Amino acid sequence: MDPVQLTREFVSFNSTSYLSNVDCSNAMAERMHDAGLTVERIPYTDPNGVSKLNLVGKKGNGTGGLALMGHNDVVPAEGWAWDPFEVVEKGSRIYGRGVADMKGSVACMIATASHFSIDELKQPIYVVVTGDEEINCGGADVVAQKSEVLKESNVRYGIIGEPTLLDVVHAHKGSVKISVTATGKATHSSMGTGINANHKLIPFLNDMLAIDRELKTNEKYLNNAFTPPHATLNTVIHGGEQASNITTPESGATLNMRPMPGQDFAPLLDKIRTLAEEREVHIDIYDGLAPLHTPVESRIVQESLSVTNKSEPKTVAYGTDGMIFGKTMELVVLGPGNIQQAHTIDEWIEIEQLHQAVDTFSEMVRRFCS
């Protein structure tokens, strides 16, 4: 199978995260079948009521082996000079939404599986494709809970194929999201009798700025193996369309912190709960996306370094489905393309990277499955 042609096909489906990925998943499932994989389909409905479909493909008998893991949802594509869901080839590159993040990598995984006959495999290859990686790894969470194939597989090792320029990444940050809601009482602003929700929200957000400063300066929250070496905190404020002559009845924000491996965030989260109570705002904390950390001495790390001829593994600041799958498997992040192209206008990948990824994945399969 040609990974470039597969990438071209998969990019043609607009599987932006807020839309359904079912058509794209069906196309991938068909190509997985063509590559000799049996395919488990795991449908689910996202929190907005949109139908989604995850895939777990298996080729070979028995248990163990190696999992190749990716996602087929993409971020929105706006401001492009051409249709972002039609691959354009220019020189040594192809352009299109998802070529790097990460339909190109999934194409390489399926192409890799096509290169091996069942008779060659002493242990199986798995190809896992999730939805909603760009939104809290929602699809991976469903797969982890519901995939009968993975539950029976006893697979210990996996590759998350996010774009790393085929460098070996053994650790990345996690994600803690905090939803904040402040409630007031609407009246005509001239009366002075209302309760402005923003007057509760703003002090709480100032408290969060103080915590952000602590994350950047307190030694117990620093890890120089990462760039930046602290757990970043991002704030998104919702709403803001309230008329200026009405006291705001409700306002909210979402906070996202990215803890690093080995950090104990429980006392910090308890502090945030106390501050929310003092400021009279309601918060919901979701801290189920754990940092990924696979020990350097793990077989998957050492074999990956050997195959790619690299001396040591790296860390990255972004997250992957490894925040879910890393709880039960030893993983590396290793894939074609440059993360700097992810989420950009005119996203591109070098064609040679796709072919190199197939070679790399294939050698990893030989080491773990043949």
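Taking the range 142-185 as the region of interest, how many residues are over 30 Å from W348 (Cβ atoms), crowded, with 24+ Cβ neighbours inside 10 Å and of a type in the set (D, E)?
Qualifying residue count, the range 142-185: 0.
Filtering the range 259-288 down to residues that are at pLDDT 95 or above and among the charged types (D, E, K, R), which residue is surrounded by the most Cβ atoms within 10 Å (Cβ to Cβ)?
Checked the range 259-288; the qualifying residue surrounded by the most Cβ atoms within 10 Å (Cβ to Cβ) is R279.
Being surrounded by 15 or more Cβ atoms within 10 Å (Cβ to Cβ) and free of Cβ contacts under 8 Å to residues at least 12 places away in the same chain is the filter here, so list the residues in the range 40-99 that pass it.
Correct list: V88 only.
If you check every pair at least six apart or on different chains, which have Cβ atoms under 6 Å apart with a residue in the range 265-284 that is touching a residue at least 60 places away in the same chain (Cβ under 8 Å) first and a residue that is among the acidic types (D, E) second?
Close Cβ pairs satisfying both conditions: L275/D207.
Can you say whether L354 is assigned by TED's automatic domain parsing to the domain that holds C137 and not in a loop (DSSP other than H, G, I, E, B), as far as the supplied structure shows?
Answer is yes for this residue.
Pull up the range 231-261, narrow it to residues that are under 23 Å from the mean Cα position of the chain (by Cα) and small (G, A, S), then point me to the one that is nearest to A186 (Cα to Cα).
In this case the residue turns out to be A253.
Identify, please: which residue in the range 306-329 is in contact with a strand residue (DSSP E or B) (Cβ under 9 Å, 6 or more places away or on another chain) and hydrophobic (A, V, I, L, M, F, W, C) and is, among those, surrounded by the fewest Cβ atoms within 10 Å (Cβ to Cβ)?
Only one residue fits best here, namely A317.
Identify, by number, the condition in (1) closer than 18 Å to I285 by Cβ; (2) without any contact (Cβ under 8 Å) to a residue 40 or more places away in the chain; (3) assigned by TED's automatic domain parsing to the domain that holds T344 that Q145 doesn't meet.
The failed condition is (1).
Is it true that S362 is surrounded by 22 or more Cβ atoms within 10 Å (Cβ to Cβ) and not hydrophobic (A, V, I, L, M, F, W, C)?
no
Considering only residues of the range 110-141 that are among the hydrophobic types (A, V, I, L, M, F, W, C) and either in a helix (DSSP H, G or I) or on the phi > 0 side of the Ramachandran plot (or both), which is surrounded by the fewest Cβ atoms within 10 Å (Cβ to Cβ)?
The extreme case among them is I118.
Only one of (1) buried (at least 23 other Cβ atoms within 10 Å of the Cβ); (2) over 27 Å from G319 (Cβ atoms) is not met by D34, so which one is it?
Just one mismatch for D34, condition (1).
So, in the range 168-183, exactly how many residues are of a type in the set (A, V, I, L, M, F, W, C) and either over 17 Å from R273 (Cα atoms) or not in a strand (DSSP E or B) (or both)?
3
For the range 346-365, check the following and say yes or no: at least one residue is at pLDDT 95 or above and either within 15 Å of the chain's Cα centre (by Cα) or on the phi > 0 side of the Ramachandran plot (or both).
Scanning the range 346-365, I find at least one residue that is at pLDDT 95 or above and either within 15 Å of the chain's Cα centre (by Cα) or on the phi > 0 side of the Ramachandran plot (or both), so the answer is yes.
Output the strands (runs of 3 or more DSSP E) that fall wholly within the range 14-109 and possess 2 or more residues being farther than 23 Å from M1 by Cβ and out of contact with any Phe, Trp or Tyr (no Cβ under 8 Å at 6 or more places or on another chain), or say none.
In the range 14-109, the matching strands (runs of 3 or more DSSP E) lie at 38-45.
The values are calculated or read from the model by the stated rules, or taken from the named source; none is laboratory data. Keep in mind the model is a prediction, meaning the values are calculated, not measured. Heads up, the Cβs are rebuilt from the backbone with ideal geometry, glycines too, and the neighbour counts pull from every protein chain shown.
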